[in-house]
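All remarks here apply to the structure that follows.
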Amino acid sequence: MKKILLSIVALCCTVVAGAQNSSQQLSAILQKGDVATIYYGADALKSAYNAAENGSVITLTSGLFNSPGNIQKSVSIYGVGFEDGINEGVTKTTIGGAVNFLAGSDGNTTQNAKLEGVYVNNSIYVRQVENLTIAKCQFSDLIFNGTNVNGVLVRQCYFGSVNAKNNVLASLTVKNCYMAGYAYDITSDSQALFDHCIIVDGKYSHACFPASYTNNIITHSWGDNDNLTGLRYGSYAEKNIFTRSTFSSNVISVNNWFSVNCDALFSDADNISYNTSRSFTLKSPETYVGTDGTPVGVTGGDYPWYKVPSLPYVKDLKATVNGTNLDVDYEAGVSSTNPPTE
């Protein structure tokens with residue numbers, strides 16, 4: 001948090017690129033060490049990324065930014081939230097188009113990149129990355145375009161499906177997410193964990209290759225043509241709530257709840273559908289206790305459902321040149337003084 005606040009102060013000394021136009025409020029702050037640079041307009045994110053180095057931080061205001069294209073550097077990108085009003089009076093940060101996390105331009109694996117607090121109005125593609133974090137974002141699907149994927153963490157996100165495209169995932173962890181789709185084409189050599197999620201999908205619910213499912217709420221789970229009902233053979237399932245009555249004997253099942261009316265689980269609504277105001281708090285958290293002693297679903301676990309980004313937010317950032325003086329006008333706020341998790 002200290003670094004991002006330093007970025008805001010540093011703008012008074014090191015604002016460049018577009019400072020002469022005070023009417024533009026769509027902006028990206030690039031921080032490299034203790035030096036901050038501001039870029040304006042729809043291509044602000046792209047310009048900031050192009051100028052970034054490994055370890056740089058990019059902070060976005062509200063608004064619609066053009067996609068930076070391929071992300072091949074170890075950068076962290078923070079928005080103000082993936083929905084309007086996550087921070088009071090602040091509209092969401094949107095990236096228009098797909099986001100691609102790929103190997104570096106030198107061919108080496110990209111490490112320690114992060115995307116948080118952003119609505120991506122397309123899918124996120126991943127290839128040859130290590131220790132990638134996608135947090136508190138909304139996007140269409142998570143698609144793996146190649147191998148050498150290790151240490152991908154997706155948390156507190158609202159998105160559709162996971163498509164591994166038969167690539168080996170050395171480590172994929174999806175925690176405390178609302179998935180409006182399913183996971184498929186995960187190879188038997190992969191290590192994939194879905195934990196404390198709500199997974200709401202259609203006919204072939206989780207007809208995927210082996211993965212571990214713990215502490216989730218999973219609806220539908222029909223069988224497929226091979227009668228591999230619900231989870232695919234070789235999967236491990238413990239302490240999940242299912243709407244279905246059972247599944248294949250080839251799935252390792254430990255202390256799951258079956259034939260549960262998931263629409264009746266919650267205290268904030270009489271359904272499992274997603275909307276911006278949902279907390280997904282269980283009516284009976286003491287009944288559905290997970291492997292870690294916390295409630296099953298998105299309110300328990302390591303990252304309880306909380307959509308506010310972890311860093312302070314910036315809005316209405318403007319800079320004007322007045323003779324030899326640079327005037328910076330901005331409004332910043334702290335997202336939360338007591339968030340339940342990072």
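The values are calculated or read from the model by the stated rules, or taken from the named source; none is laboratory data. Source: prediction; values computed, not measured. So basically every Cβ, Gly included, is an ideal-geometry build from the backbone, and we count neighbours across all protein chains shown. What goes into the accessible areas is simple: the full protein's heavy atoms, side chains included, and nothing from ligands, DNA or RNA. Shrake-Rupley method; radii C 1.70, N 1.55, O 1.52, S 1.80 Å.
Which links in Lys114/Lys283; Lys175/Lys283; Lys46/Lys175; Lys46/Lys114; Lys92/Lys283; Lys175/Lys239 stretch past 23 Å when you go from one Cα to the other?
From the list (Lys114/Lys283; Lys175/Lys283; Lys46/Lys175; Lys46/Lys114; Lys92/Lys283; Lys175/Lys239), the Cα-Cα distance tops 23 Å for Lys114/Lys283; Lys46/Lys175; Lys92/Lys283.
Taking the Cβ-Cβ separation of Ala42 and Asn261 as r and a Förster radius of 51 Å, what is the calculated FRET efficiency to the nearest 0.05?
The value I calculate is 0.65.
Starting from the Cα of Asn108, step 7 Å along the direction of its Cβ; do the same at Asn131; then give the gap between the two resulting points in nm.
For Asn108 paired with Asn131, the spin-label model returns 1.3 nm.
According to the square roots a ≥ b ≥ c of the eigenvalues of the Cα gyration tensor, what is the shape class of the stretch 22-156, taking rounded for a/c under 1.5, prolate for a/b larger than b/c otherwise, and oblate for the remainder?
Oblate shape, in that a/c is at least 1.5 and b/c is the bigger or equal ratio.
In square angstrom, what is the accessible area per residue of the stretch 111-211 with a 1.4 angstrom probe?
Averaged over the residues of the stretch 111-211, the accessible area is 29 Å².
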